[in-house]
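*Asks:* One structure, pasted below without further comment.
The values are calculated or read from the model by the stated rules, or taken from the named source; none is laboratory data. Note that this is a predicted model, so its numbers are computed, not measured. Neighbour counts are summed over all protein chains in view; Cβ atoms, including those assigned to glycine, are modelled from backbone coordinates with ideal geometry.
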Amino acid sequence: MGRETLLTVLLLLLGGLAVQPFALMPRRQCPGEAPQIAERRAWLQLWLPIVPALLVAAWLCGWALQESDPVHDRADPGMLVAACLPFALIALRAALRAAWAILRQPAELPICSTGLWRPHILFSPFLARALDEGQIRAAWEHEQAHVRHRDPLRIWLAQMATDLQWPWPWARERLDTWLEILECARDDEARSRGASGIDLAAAVVTTARLASSPLGPQAPRWLSPVDAPLLGDARSLQTRVARLLAPLPDSDGAHGWLRHGDTAVAALLAAMAGIAAASGAAYGEWIVHLLLEWTWAI
Ligand SMILES: [Zn+2]
């Protein structure tokens, strides 16, 4: 069998097997955290089930680098293809949904950030006419925070990570939690840059009213894969407005945590991937050989 073909089949099979048990992980809650830290923690929880599959991929790449082409080990191609087929379908579904999210028309939201590579803000004239100057500035600051963090791209990637954990509902739950916390984090960032909480609350309520009006733009969908809206989840509107009307919580310590936390996570992941690739290059041959022999044995 060709090395690249076998590598693809093993990536789907072993990667899929690595994701599925971790997709069952329950969501951990840490009440009382600053939204910026809670958002980053929820983001990591979203990706944690994918990490074992990434390490398996690094391990297999290490194996492929020292493997001859074609691979001379005995293998039952029919058995291998049948075993990886369910995971191939999950990956195909995730890829199609990701492609659809890029190719479809932008959602008609009263205000949102859109664009994967060059995020920008779309502001409906219907909404602008319904808001005063302070409210427009508050809504704009909220969306600017989405743009600064490239949230449309992050939402698109998060949706893809969730789709790779299909069909488990816990993955969707982790995505919903992250999206909810994301709105709170962007509200706080907008307020820390001078936007009034009262103005932002008024803008959010007006957006919700306009979006549900039969004369207004199309009602926003909670999950809009490439758009980061002002409104977010309308179901949590009451809680969000209450937060915006309360004093802005102190989040001075969050910035240092985020800066150092991101670097530490990236360094740890890179080190783990390097170790996995080296291990694949050193021990991959006989482990893959055993696996291929096993396809004949059953
Ligand atoms: Zn938002």
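*Asks:* So Met25 fits all but one of (1) assigned to a helix (DSSP H, G or I); (2) closer than 19 Å to Met160 by Cα; what number is the exception?
*Replies:* It is condition (1) that Met25 fails.
*Asks:* Ala101 - would you say it is within 14 Å of the ligand (Cβ to nearest atom) and in a helix (DSSP H, G or I)?
*Replies:* So Ala101 does not fit the description; no.
*Asks:* Exactly one of these conditions fails for Glu183: (1) within 15 Å of the ligand (Cβ to nearest atom); (2) farther than 14 Å from Thr239 by Cα; (3) crowded, with 19+ Cβ neighbours inside 10 Å. Give me its number.
*Replies:* In the conditions (1) within 15 Å of the ligand (Cβ to nearest atom); (2) farther than 14 Å from Thr239 by Cα; (3) crowded, with 19+ Cβ neighbours inside 10 Å, Glu183 misses (2) alone.
*Asks:* Taking only the range 124-141 into account, find how many residues are of a type in the set (S, T, N, Q) and surrounded by fewer than 22 Cβ atoms within 10 Å (Cβ to Cβ).
*Replies:* Total meeting the criteria: 1.
*Asks:* Give me a count of the residues in the range 142-174 that are surrounded by fewer than 22 Cβ atoms within 10 Å (Cβ to Cβ), within 16 Å of the ligand (Cβ to nearest atom) and more than 22 Å from Trp100 (Cα to Cα).
*Replies:* Counting residues in the range 142-174 that are surrounded by fewer than 22 Cβ atoms within 10 Å (Cβ to Cβ), within 16 Å of the ligand (Cβ to nearest atom) and more than 22 Å from Trp100 (Cα to Cα) gives 3.
*Asks:* Another question, if that's okay. Considering the range 47-103 alone, what residues qualify as being closer than 17 Å to Gln20 by Cα, free of Cβ contacts under 8 Å to residues at least 40 places away in the same chain and within 24 Å of the chain's Cα centre (by Cα)?
*Replies:* Leu48, Pro52, Leu89, Leu92
*Asks:* I would also like to ask the following. Considering the range 166-203 alone, what residues qualify as being basic (Lys, Arg) and in contact with an Asp or Glu (Cβ under 6 Å, 6 or more places away or on another chain)?
*Replies:* Arg193
*Asks:* Residues in the range 125-145: is at least one touching a residue at least 60 places away in the same chain (Cβ under 8 Å) and under 26 Å from Gln45 (Cβ atoms)?
*Replies:* yes
*Asks:* Something else now. Of the conditions (1) within 16 Å of the ligand (Cβ to nearest atom); (2) at pLDDT below 90; (3) small (Gly, Ala, Ser), Ala203 satisfies every one except a single condition; which number is it?
*Replies:* (2)
*Asks:* Is it the case that the range 146-161 has a residue that's over 19 Å from Val241 (Cβ atoms), touching a strand residue (DSSP E or B) at 6+ places or on another chain (Cβ under 6 Å) and either of a type in the set (Asp, Glu) or outside any helix (DSSP H, G or I) (or both)?
*Replies:* Yes.
*Asks:* Ok, one more. Could you pull out the residue among Ile198, Ile121 that is part of a strand (DSSP E or B), surrounded by fewer than 22 Cβ atoms within 10 Å (Cβ to Cβ) and either away from the ligand (no atom under 15 Å from the Cβ) or free of Cβ contacts under 8 Å to residues at least 60 places away in the same chain (or both)?
*Replies:* Exactly one of Ile198, Ile121 is part of a strand (DSSP E or B), surrounded by fewer than 22 Cβ atoms within 10 Å (Cβ to Cβ) and either away from the ligand (no atom under 15 Å from the Cβ) or free of Cβ contacts under 8 Å to residues at least 60 places away in the same chain (or both), namely Ile121.
*Asks:* In the range 35-70, what residues are assigned to a loop (DSSP other than H, G, I, E, B) and surrounded by fewer than 20 Cβ atoms within 10 Å (Cβ to Cβ)?
*Replies:* Scanning the range 35-70 gives Ser68, Asp69, Pro70.
*Asks:* Do you know which residues across the range 225-265 are modelled with pLDDT under 75, within 16 Å of the ligand (Cβ to nearest atom) and of a type in the set (Gly, Ala, Ser)?
*Replies:* Within the range 225-265, Gly232, Ala234 meet the criteria.
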